[in-house]
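Here's the structure we're looking at; comments come further down.
The values are calculated or read from the model by the stated rules, or taken from the named source; none is laboratory data. For clarity, every value in this text was computed on a predicted model and none was experimentally measured. Positions of Cβ are backbone-derived with ideal geometry, glycine not excepted, and every protein chain shown enters the neighbour counts.
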Amino acid sequence: MSGETSVLLLWLVLITEGAAIRPAVTFTPNYKKIFTSEKMTMACDAGSTIGEGMDYIWYKDNSPVYNGKSYTIQDVRTSSGSYRCQTRPGEISDPVTLGVSDDWLILQTPLYVYEGDDINIRCHHYPGFPGGRTIFYKDNKVIRDSGDDAEYNISNVTRTTAGTYRCRRDVYYYGAYHNHEDEASVSVEDLFPTPTISVTPNPVLIGENVTLTCETLLPPPRQKTRLHFTFYREGRMVQGFGVSDIYEVYNVQLEDSGKYSCEVETTDKRVRKKSAERLIQIQDSVGYTGLNIILLILSGCVIITAALFVFYHKKCIKSREEAAAPSTT
């Protein structure tokens, strides 16, 4: 069975059984903090069109507040808190926190940050007022001091991107510029864990068809990310990069034994991870069956020997008893 076919069957099972991929909450604009005068639109992303026709429930601080796939808050003045969405039938998302500020300046960071992302960090002053010089810091070191550009862009995020960011910006009000600053932490999550190889059937007998599956998992907010897979035997490629996470070997022979591994990468090649090698030893089915027969025969011999021993032992006892009995003649 091809990888595309197996994925399709999985979706059909999910639809039939009423299950759904765990949804994720997304923000537009994609920032965890906004001002009281701004609006926020939240979407409940179920990861696929499988979510079409579903019911959606929104919760704020664990209390239901809205029904619908997207939830727009026009006045966020009192809307800070923890939000989750749930598909029905289906699962509930992880909680996300929306921060609301009435200060003069906020440092805005994305709701989610995964390795390989392009992200934008924004030194955002209160709308309706002019902004001036802006300085960005990371872990208390200046990373940019250039004019009044309020945005700092980072391409192809890695683990080293994580840290505490801070910005200082001049904001004009009451007839003069005033300096303000804010900080926020940025954590970088794995886009997917290091893959592992599963083997079916296990153990593998000569002449069987074997399926190797390269297993990994995308987080709910990145379910639409496309991945490519490749397979290796003894370090040499046996199936090139493609959308299938399955490698099949038909009518395996002893020479197919060896150490197998797989590799997963994003289509833009920014994130790539390789599994550990897994030893697959093809067993000789004839030898395996012959061994079973020999063991069976030996077991039978032991049972027969034990039965004969008991029989002759009882016969000997009976003979002695008859010999010891007094004669009646």
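Okay, residues lined up against (1) farther than 17 Å from D94 by Cα; (2) modelled with pLDDT under 95:
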residue: A20; (1), (2): no, yes
residue: F27; (1), (2): no, no
residue: N30; (1), (2): no, no
residue: K33; (1), (2): yes, no
residue: S37; (1), (2): yes, yes
residue: A43; (1), (2): no, no
residue: E52; (1), (2): yes, yes
residue: D55; (1), (2): yes, yes
residue: S63; (1), (2): no, no
Filtered residues of segment 156-171 (kept if outside any strand (DSSP E or B) and without any contact (Cβ under 8 Å) to a residue 60 or more places away in the chain) | V157, T158, R159, T160, T161, A162
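Give the residue, chosen from Y114, Y152, Y66, Y71, that is aromatic (F, W, Y), over 15 Å from N30 (Cα atoms) and surrounded by 15 or more Cβ atoms within 10 Å (Cβ to Cβ). Before you say what the answer is, go through the steps one by one.
Numbers: Y114 fails: over 15 Å from N30 (Cα atoms); Y152 fails: over 15 Å from N30 (Cα atoms); Y71 fails: over 15 Å from N30 (Cα atoms).
After applying the criteria, what remains is Y66.
Of L107, L98, which residue is out of contact with any Cys (no Cβ under 6 Å at 6 or more places or on another chain) and either buried (at least 17 other Cβ atoms within 10 Å of the Cβ) or over 30 Å from H178 (Cβ atoms) (or both)? Write out each step before concluding.
Numbers: L107 fails: out of contact with any Cys (no Cβ under 6 Å at 6 or more places or on another chain).
It is L98.
Just for strands (runs of 3 or more DSSP E) wholly inside segment 188-278: which have at least 3 residues that are touching a Lys or Arg at 6+ places or on another chain (Cβ under 7 Å) and within 30 Å of D94 (Cβ to Cβ)? Can you show your working first?
Numbers: elements: 196-200, 210-215, 227-233, 236-242, 246-249, 258-266, 272-274.
Correct list: 258-266.
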In segment 89-115, which residues are within 18 Å of the chain's Cα centre (by Cα) and farther than 27 Å from N67 by Cα?
-> V113, Y114, E115
Would a scan of segment 282-295 turn up a residue that is at pLDDT 60 or above, exposed (fewer than 11 other Cβ atoms within 10 Å of the Cβ) and not aliphatic (A, V, I, L, M)?
-> no
Scan segment 129-147 for residues that are surrounded by 11 or more Cβ atoms within 10 Å (Cβ to Cβ), over 14 Å from E181 (Cα atoms) and of a type in the set (G, A, S) and jot them down.
-> none
